1. Ordered by residue, what ³J(HN,Hα) values in Hz, to whole numbers, does segment B:336-352 give under the Karplus form 6.51 cos²θ - 1.76 cosθ + 1.60, where θ = phi - 60° and Gly and Pro are x?
2. Counting only other residues whose beta carbon sits under 11 Å from that of B:SER359, what net charge do I get with K and R as +1, D and E as -1?
3. Inside 10 Å of the C-beta atoms of A:65-75, what's the mean count of C-beta atoms belonging to other chains?
4. Quick check: net charge around A:GLU90, other residues with Cβ under 11 Å of its Cβ, Lys/Arg +1 and Asp/Glu -1?
5. Can you give the local net charge around B:VAL169? Use residues other than it whose beta-carbon is closer than 14 angstrom to its beta-carbon, Lys and Arg +1, Asp and Glu -1.
6. Run through segment B:1-72 and list the trypsin sites (Lys or Arg not before Pro) located in a DSSP loop whose Cβ has at most 14 other Cβ atoms within 10 Å.
7. If exposed means no more than 15 neighbouring beta carbons inside 10 Å and the site is in a DSSP loop, what's the longest run of chain B without any exposed GluC sites (Glu not before Pro)?
8. With an 8 Å cut-off on Cα pairs and a minimum separation of 6 or more residues, tell me the relative contact order of segment B:81-342 in percent.
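None of the figures in this text is laboratory data; all of them are computed from the coordinates on show. In this text the structure is predicted, and so the values were computed from the model without any measurement. Using ideal geometry, Cβ is built from the backbone for each residue, glycine included, and neighbour counts are taken over all protein chains shown.
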Amino acid sequence: MSELPGDLKYTDEHEWLRIEDDGSVVVGITEHAQEALGDLVYVELPEIDQILTSGDGLAVVESVKAASDVYAPLDAKVTDVNEALTDAPELVNSDPYGEGWIARIEPEDRSVLDELMDADAYQAFLEKLES
Amino acid sequence: MPFIPHTEKDIHEMLDAIGASSIDELFDEIPESLRIQHLDGVPAPINEMQVTRLMHERAAEDAGALSFIGAGAYEHHIPAAVWQVTTRGEFYSAYTPYQAEASQGTLQVIYEYQSMIASLTGMEVSNASLYDGASAVAEAALMAVRANRKSKSRRIVFVGGVNRTYQKVAQAIAGTQGLLFDELPFSTETGLADLDALTSMDEPPVAVVISQPNFFGCVDDVDALTDAAHALGALVIGVVNPTALALLKPPGQWGSNGADIVCGEGQPLGVPLSSGGPYFGFMTTRQSLVRQLPGRIVGRTLDVDGKPGFTLTLQAREQHIRRSKATSNICTNQGLMVTAATIYLALLGEQGLARVAASSHRNTLNLVAAVDALPGVKRAFATPVFHEAVVQLDRPVAPVLAAMAEQGVLGGLDLSADYPELGHALLVCATETKTEQDLQRYFETMQSALTADSSLRDVS
């Protein structure tokens, strides 16, 4: 297992969030998630300006053997999506924390961000899953 | 495909292996309260001899008459080779085979079918078929809600003139999943959809269902309807007669951008009427919406040695992978009917299908022109039709049809109960199977039914 980036927040659905300087939040799936899914063949992206309630489907990641929902971690509006994934879904496999980002959202309630796991907590969460 | 029966011994060995005492025990997790104790309207079991007798009696009720009824299911000539080939043991299964290594022939037939239907409808992708035309409309409605994520609406609008049986089935299947259905008016003058009713809708629907030809056989202005629906932000579901597509513009070319989802009843393509089924539904769409398509899809690919082959594809849409979020619970299809349709289309070819369509069109026009000359009978709409038309009488339809049936002619479908606004109306259809003598017989039978029945003329 590679090192988890320390500047990200993590959810127990294996999604990561990066809080940007402008207050927006970039969402993707973790290294653990992409490894479990295998080679992605398709990413269904949300619509820009789509309003999401926490727990709504934000995206669908589809591999040759499975399709999984990526859930909105908090109430938010979609402000940007990673169009590159339409033609190159494998970016999620090769660079889950960088080029493989999925969407940028504008959170409604920022306090939820504080409740998410940091890298250490997520690392512990993963170890507990594997034990 | 070999048939391998289970013996009692096999069943017990399998149950022993998993530690269950009976097959019923496998369903223990379903609470008693949720189990149906009996099904209303399902008669007690009868044996094979009794079933055979019953079916022969039922079939005899339909047999022998000269039928001029269409209304969704159409009598066409089926070349003998179609069912001769379809019922070969190698093809004789309703299932979509998932074992590509053992099923290349069947998979190729479905692939050819998909290619033909996509080409006929002018769309990019087709599934491997659905149960019938009506359930295909319901599936198209559900697909439209998934696909049109920009729309907040869950309302599906049928323009006036779409087959009401399809509307009822869509309501029954998709109404329980939160979809709402509305029907817009049609013009009783022309039999066509009311375009203004669509353009003036206050709340844009998620999808608009447009049929071509419509239930009355009329050829609608699908270009204007499609553009109006798209202007509302709705997806367009085209419901089409596949035979008509040999002559009419395919839905992929309707309006400026074409229909988004196309479906319909596949029965006219080589499937006999057989008292109402089995038939099959077809469905095609744009490549960009393929992941929302229900049902199975066969794709062409290369095997490990680089040789072309066929396999099921895009299975992540399906229930064995996506579970409750699958695009449908249809994991098999009407494979046998589809095999017949594929052979039918291959035998007829583009020109053959166009001849069938043109001949049906001509027969219907000739029939309607003939009866229109009878006193008390008139063609309802001056609108162009495909191979079906509405005829109005000056008296109640049912006794006239009954008198014709006594002389062995099924004179059409009585519309008066479903469409009272059309008066004493019936829907007639004359496909290519009807000869000039048949049309003459219809004319004479109707004439004599009207003469014998002149006391019933409605003078109002």
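1. Each residue of segment B:336-352 in turn: 5, 5, 5, 4, 4, 4, 5, 5, 4, 5, 5, 5, 6, x, 4, 6, x Hz.
2. Within the 11 Å Cβ shell, the charges total +2.
3. Counting Cβ atoms of other protein chains within 10 Å of each residue's Cβ and averaging gives 2.
4. Once all neighbours under 11 Å are counted, the net charge is -4.
5. -2
6. B:ARG35
7. B:190-460
8. Relative contact order for segment B:81-342 comes out at 28 percent.
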